[in-house]
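The values are calculated or read from the model by the stated rules, or taken from the named source; none is laboratory data. Quick caveat: nothing in here was measured; it's all calculated off a predicted structure. With ideal geometry, Cβ positions are generated from the backbone for all residues, glycine too; neighbour counts draw on all protein chains shown.
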Amino acid sequence: MLHIQNTLSGKKELFTPIHPGKVNMYVCGMTVYDFCHIGHARVLVVFDVITRYLRKIYGSENVTYVRNITDIDDKIIARAIENGEDINSLTNRFIEAMHEDADALGVKRPDIEPRATEHMDEILKMIQTLIDKGMAYQGDNGDVYYQVSKFETYGQLAKKNLDDLQSGSRVEVEQSKRDPMDFVLWKMAKPDEPSWDSPWGEGRPGWHIECSAMSVSCLGDHFDIHGGGLDLKFPHHENEIAQSEGCTGHKFVNYWIHNGFVRVDDEKMSKSLGNFFIIRDVLKSYAPEVIRYFILNSHYMSPLNYSDENLDKAKASLTTLYQSLLNIDVSDMNDSLIEDSDYAQRFFKAMDDDFNTPMAISVLFDMSHELNRLKEKDDEQAKALGFQLKKLAELLGLLENDAQQFLQGSTSEGGLSDDEINDLIEQRAAAKQEKNWSECDRIRDVLDAEDILLEDTPEGTRWRRK
RNA sequence: GUACAGGUAGCCGAGUGGUCUAAGGCAUCUGGUUGCAACCCAGAAUUUUCGCAGGUUCAAAUCCUGUCCUGUAUUCCA
């Protein structure tokens, strides 16, 4: 039985879908004005795993995963002007880059990927409804605002009360607002800014209303799970609730899931500190699966500290798992996962407990050790266990590569080619025949200097990259 | 200031009242294996300890109170 830590209640709750057997989930995706960084990677991977597990429980076709794209907002406009680039060209460029990064990380595409600019009708309709209901108003400057005081339960998600918010407010209050807490639904266009027609004048939507409109449009006005980064909890998600429930008068989302932040060397990741890591740069030094493992080795809610040391550890751990899968050929296996095995049961129990991926990974290690023991004794059993290991790991998007391929890495960056390595290994085998140990060790040292590690086995010598 | 997250052994990281003599990983050590290594297997140590100080309890990393620290939000941010 799946339990989820629900930000709305602050408790771990049994997950019960609104429509039995079907799950609808919406996650706030990227604002596409730059390359995705390692924090985005966490959102992508975490909700990919959540989706994989939901699909496992409810069946792939019964889970609808929506992850939106924000393709119109202040930062996009600013960047486009800065680049002297057309907005569409900018957003399309970064959407493509995001897809490349996500694909590299083994993140499966969501079922629906709505773009804000393609849901303008729903946005306008929602704003109009809010105005009609007296929950929104047009200010002197033409901007349309949501009147927070009209929504009684405002602050329910972030567990804030309005008094605290106001006293702590450091923002300069926009003159046209009736109350500092009110937020913008529709912004009047400045000259040369992209704009859409509306009953209130040419303009563009505020950020929060975009997500309300896209989620309701894709999943209906009441759905199961809404996710995103912790920082979106307030005000973004709070405002979504206010907008959506303000329109419909009933519950918007049952379960809210927020993932924790990524830090870098125990500091905030920011451009000013120069410790800003984008996914494609990290991929130059580490295999995508290493990043994935690094992310999943902590619970999605804990703070995650990015450092080379921690990525190296992730790589070492993955190497251990892949070593056990070497020479286990499961390509001809098409059985299903044996769901009532002890290992599977433990794995599911971990995942059922609010997607406890670190615990689930520990089960993979137990299987891996057992697999190493079995390989000595019983090939058929080893193969069966290896298959089970891969099937469980697949739910995390791990161990999906060929073991040898993972261990030997890519040959692209200078260094020795596979053929050159194999030549040297053959020379060493010949020296070995003659018990010429100094020559053997010399060759091994040559390879070691190229970060190639040798492992002698009864079946011959195999190698991997450090 | 207020709110919300966190603070667990060398490091990473699970664990929310007894099975914790704290999972799993990484690093370290010993033995087996090996020409020597690596990989693998078997085992060990790092800790009478879970930010700190009190308290509740027969029993606490786990509950309560206080306190310190870090991060986030309150302003765009995954």
Task: Index of the failed condition, A:N259 passing every other in (1) at pLDDT below 95; (2) in contact with a Leu (Cβ under 7 Å, 6 or more places away or on another chain); (3) more than 9 Å from RNA strand B (Cβ to nearest atom) - done: (3)
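Within the range A:42-52, is even one residue out of contact with any His (no Cβ under 8 Å at 6 or more places or on another chain) and more than 24 Å from A:F252 (Cα to Cα)?
Filtering the range A:42-52 down to residues out of contact with any His (no Cβ under 8 Å at 6 or more places or on another chain) leaves A:42-52.
Applying the additional criterion that residues be more than 24 Å from A:F252 (Cα to Cα) yields A:42, A:45.
Scanning the range A:42-52, I find at least one residue that is out of contact with any His (no Cβ under 8 Å at 6 or more places or on another chain) and more than 24 Å from A:F252 (Cα to Cα), so the answer is yes.
Here is a check on your reading of the model: is A:E238 within 18 Å of A:L157 (Cβ to Cβ), within 14 Å of RNA strand B (Cβ to nearest atom), assigned by TED's automatic domain parsing to the domain that holds A:E113 and among the charged types (D, E, K, R)? Walk me through it before giving the result.
Numbers: within 18 Å of A:L157 (Cβ to Cβ): yes; within 14 Å of RNA strand B (Cβ to nearest atom): yes; assigned by TED's automatic domain parsing to the domain that holds A:E113: yes; among the charged types (D, E, K, R): yes.
For A:E238, the condition - within 18 Å of A:L157 (Cβ to Cβ), within 14 Å of RNA strand B (Cβ to nearest atom), assigned by TED's automatic domain parsing to the domain that holds A:E113 and among the charged types (D, E, K, R) - is met.
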Open item on the list: Anything in the range A:1-48 that is buried (at least 19 other Cβ atoms within 10 Å of the Cβ) and acidic (D, E)? List them, or say none.
Closed with: A:D48
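From A:S60, A:S89, grab the single residue that is closer than 21 Å to A:E210 by Cβ and surrounded by fewer than 21 Cβ atoms within 10 Å (Cβ to Cβ). Lay out the reasoning, then the answer.
Values: A:S60 fails: closer than 21 Å to A:E210 by Cβ.
Result: A:S89 is the single residue among A:S60, A:S89 that is closer than 21 Å to A:E210 by Cβ and surrounded by fewer than 21 Cβ atoms within 10 Å (Cβ to Cβ).
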TODO: Determine if the range A:353-362 includes at least one residue that is crowded, with 18+ Cβ neighbours inside 10 Å, more than 24 Å from A:L105 (Cβ to Cβ) and near RNA strand B (Cβ under 8 Å from one of its atoms).
DONE: no
- [ ] For residues that are touching a strand residue (DSSP E or B) at 6+ places or on another chain (Cβ under 6 Å) and within 18 Å of A:T16 (Cβ to Cβ), scanning just the range A:57-76, find the one that is farthest from RNA strand B (Cβ to nearest atom).
- [x] A:Y58
Task: Filter result for A:F294 (among the aromatic types (F, W, Y) and over 28 Å from A:Y322 (Cβ atoms)) - done: no
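Would a scan of the range A:337-345 turn up a residue that is β-branched (V, I, T) and in a loop (DSSP other than H, G, I, E, B)?
Yes, the conditions are met somewhere in the range A:337-345.
Select from the range A:172-188 the residues that are assigned to a loop (DSSP other than H, G, I, E, B) and under 11 Å from A:N141 (Cα atoms) and write down the one among them that is modelled with the lowest pLDDT.
Of the range A:172-188, the ones assigned to a loop (DSSP other than H, G, I, E, B) are A:172-182.
Applying the additional criterion that residues be under 11 Å from A:N141 (Cα atoms) yields A:174-177.
Values: A:E174: 66, A:Q175: 72, A:S176: 82, A:K177: 86.
If we take residues in the range A:172-188 being assigned to a loop (DSSP other than H, G, I, E, B) and under 11 Å from A:N141 (Cα atoms), then A:E174 is modelled with the lowest pLDDT.
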Open item on the list: Going by what's in this entry, would A:G228 be described as in contact (Cβ under 8 Å) with a residue 12 or more places away in the chain, within 9 Å of RNA strand B (Cβ to nearest atom) and under 20 Å from A:V32 (Cβ atoms)?
Closed with: yes
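Looking at the range A:410-418, is at least one residue in contact (Cβ under 8 Å) with a residue 12 or more places away in the chain, in contact with a helix residue (DSSP H, G or I) (Cβ under 7 Å, 6 or more places away or on another chain) and of a type outside the set (V, I, T)? Talk me through it step by step, then tell me what you get.
The initial filter retains those residues of the range A:410-418 that are in contact (Cβ under 8 Å) with a residue 12 or more places away in the chain, namely A:415-416.
So of that shortlist, the ones also in contact with a helix residue (DSSP H, G or I) (Cβ under 7 Å, 6 or more places away or on another chain) come out as none.
No, because not a single residue in the range A:410-418 is in contact (Cβ under 8 Å) with a residue 12 or more places away in the chain, in contact with a helix residue (DSSP H, G or I) (Cβ under 7 Å, 6 or more places away or on another chain) and of a type outside the set (V, I, T).
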Task: Residues of the range A:189-212 classified as more than 15 Å from RNA strand B (Cβ to nearest atom) and within 34 Å of the chain's Cα centre (by Cα), total - done: 6
TODO: Could you please tell me which pairs satisfy a Cβ distance under 7 Å, a separation of 6+ or placement on different chains, a first residue in the range A:33-48 that is within 18 Å of A:E113 (Cβ to Cβ), and a second residue that is charged (D, E, K, R) and near RNA strand B (Cβ under 7 Å from one of its atoms)?
DONE: A:Y33/A:K75
Open item on the list: Quick test for you: out of A:Q345, A:Q243, pick the one residue that is buried (at least 16 other Cβ atoms within 10 Å of the Cβ) and more than 20 Å from the chain's Cα centre (by Cα).
Closed with: A:Q243
- [ ] For A:L374, work out the one condition from (1) surrounded by fewer than 18 Cβ atoms within 10 Å (Cβ to Cβ); (2) over 23 Å from A:K108 (Cα atoms); (3) not basic (K, R) it doesn't fulfil.
- [x] (1)
- [ ] Please tell me if A:L321 is assigned to a helix (DSSP H, G or I) and closer than 30 Å to A:L371 by Cα.
- [x] yes
- [ ] Might you let me know whether the range A:398-418 holds any residue that is within 35 Å of the chain's Cα centre (by Cα), closer than 30 Å to A:F47 by Cβ and among the acidic types (D, E)?
- [x] yes
Task: Candidate set from the range A:288-326 (those that are among the aliphatic types (A, V, I, L, M), more than 6 Å from RNA strand B (Cβ to nearest atom) and within 20 Å of A:K466 (Cα to Cα)); member that is surrounded by the most Cβ atoms within 10 Å (Cβ to Cβ) - done: A:L325
TODO: Scan A:S368, A:S341 and give me the residue that is at pLDDT 95 or above and either within 13 Å of RNA strand B (Cβ to nearest atom) or of a type in the set (G, A, S) (or both).
DONE: A:S368
Task: Qualifying residue in the range A:271-284 (condition: touching a strand residue (DSSP E or B) at 6+ places or on another chain (Cβ under 9 Å) and within 8 Å of RNA strand B (Cβ to nearest atom)) - done: no
Open item on the list: Out of A:D419, A:D402, I need the residue that is closer than 30 Å to A:F355 by Cα and either in contact with an Asp or Glu (Cβ under 7 Å, 6 or more places away or on another chain) or surrounded by fewer than 19 Cβ atoms within 10 Å (Cβ to Cβ) (or both). Which one?
Closed with: A:D402
